[in-house]
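This report concerns only the one structure given below.
The values are calculated or read from the model by the stated rules, or taken from the named source; none is laboratory data. What you are looking at is a predicted structure, and each value in this text was computed from that prediction instead of being measured. Cβ: placed from backbone, ideal geometry, glycine included. Neighbour counts: every protein chain shown.
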Amino acid sequence: MMAPHAEALPRTTGSDGREHPHMLSLTTLQGLAWTFAALGIILTIVRLLHRWKNSRCLHLDDIFSAVATTILVPFTAMTLQDDAIDIEMTMYRLGRSDHIPSLEKVDTAIKTEVACTVLFWIIIYAAKASFLAAYWRTFCANRVACFVWYTLAAVTAISFGALFMSVFWICGQPSNVGDLVACKSVGTAYAIRLLTVWCVLNLVDCFLLIVYPFANTSFSRTQLNTRQTICISLMLLLVAFFVALDILRTYWNLTLSLSETTNLVLLWRLLEPSVAVILCAMSGFAGLCRVPRSDSDISDDERGWIEIGRVGKDTSG
């Protein structure tokens, strides 16, 4: 007997797979996801050890980096669990398999996806918070730079609040979160608006985080040396990769012909937080890019509040 939810999955019988060349297997997703996650974890550990070895303390940006990395592990595991069910349903719909997940599994997958979305944004914005904390110590050499930093921090905080709260309206309203029927009844136009808002808010933050260090150095007429230029350029390349993943993830979700014939969106969703963690870990070596504060018009005491999260005693001098 056909499962009660199978009728909602129109099947393409006789497919030999050539019509859908971009269907990734669960094994491939697992390999790529854990490889990127492992790279992020290793880089974060190296970052923390490097900071502790040099100064015997951890700064607020280190703590945000550790938080993002810690959350990455359950996010990856839960997302892969959700993807396994998604792939089973896709294979059934394409006529490659006669097995369809039970209604209970599908219901669990929807609840898991909501939880993964929450973790997704926490990881992304923990990474952004780490960048902000690193920027404060690296670039805020005068009151103008600090004012711009406060503005950027406020925009980032507002964006995170809006994104975090909107997740609970993913099925129309908070009371419907995880409800299979309610989630399926949400119109396409509503889903498009929600995904578009998520993408725009995320990319605006990324753009501001990219522009800030360059605008700051231009305003202060600071000349970057070769080492600083290479360091910042490498970071920008990774940020560009992160931005590309977010655009691809959104575009794949919004384009029906792609979301129905490929499952690459599962890969984009898995890699984006891992790339954010990798970027976050690399920002821990911001000392290589540190801009001199010869024109500083504020004291270290005025700037010291950002070190509220510092653990240990700074012996770096």
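Details
- Test: residue in the range 148-160 that is hydrophobic (A, V, I, L, M, F, W, C), closer than 24 Å to LEU203 by Cβ and in contact with a Ser or Thr (Cβ under 6 Å, 6 or more places away or on another chain): no
- Contacts under 6 angstrom Cβ, first residue in the range 226-251 being part of a helix (DSSP H, G or I), partner polar (S, T, N, Q), 6 or more apart: ASP246/ASN202
- Residues in the range 205-225 that are farther than 15 Å from TRP149 by Cβ and modelled with pLDDT under 70: SER218, ARG221, THR222, GLN223, LEU224, ASN225.
- Being at pLDDT below 85 and within 22 Å of THR262 (Cβ to Cβ) is not true of PRO4.
- Total residues in the range 68-109 satisfying the condition of being under 20 Å from the mean Cα position of the chain (by Cα), farther than 19 Å from THR262 by Cα and in contact (Cβ under 8 Å) with a residue 24 or more places away in the chain: the figure is 9.
- Scanning the range 141-157 for residues that are outside any helix (DSSP H, G or I) and surrounded by fewer than 18 Cβ atoms within 10 Å (Cβ to Cβ) yields a count of 1.
- Scanning the range 146-183 for residues being among the aliphatic types (A, V, I, L, M), at pLDDT 90 or above and touching an Asp or Glu at 6+ places or on another chain (Cβ under 8 Å) gives a total of 1.
- Considering only residues in the range 11-35 that are polar (S, T, N, Q) and in contact with a helix residue (DSSP H, G or I) (Cβ under 9 Å, 6 or more places away or on another chain), the one that is modelled with the lowest pLDDT turns out to be THR12.
- Some residue of the range 49-68 being modelled with pLDDT under 90 and among the hydroxyl-bearing types (Ser, Thr, Tyr): yes
- Cβ separations smaller than 6 Å between residues 6+ apart or across chains give no pair from the range 158-176 residues that are closer than 21 Å to ASN253 by Cβ and loosely packed, with under 12 Cβ neighbours inside 10 Å to residues that are at pLDDT below 90 and not hydroxyl-bearing (Ser, Thr, Tyr).
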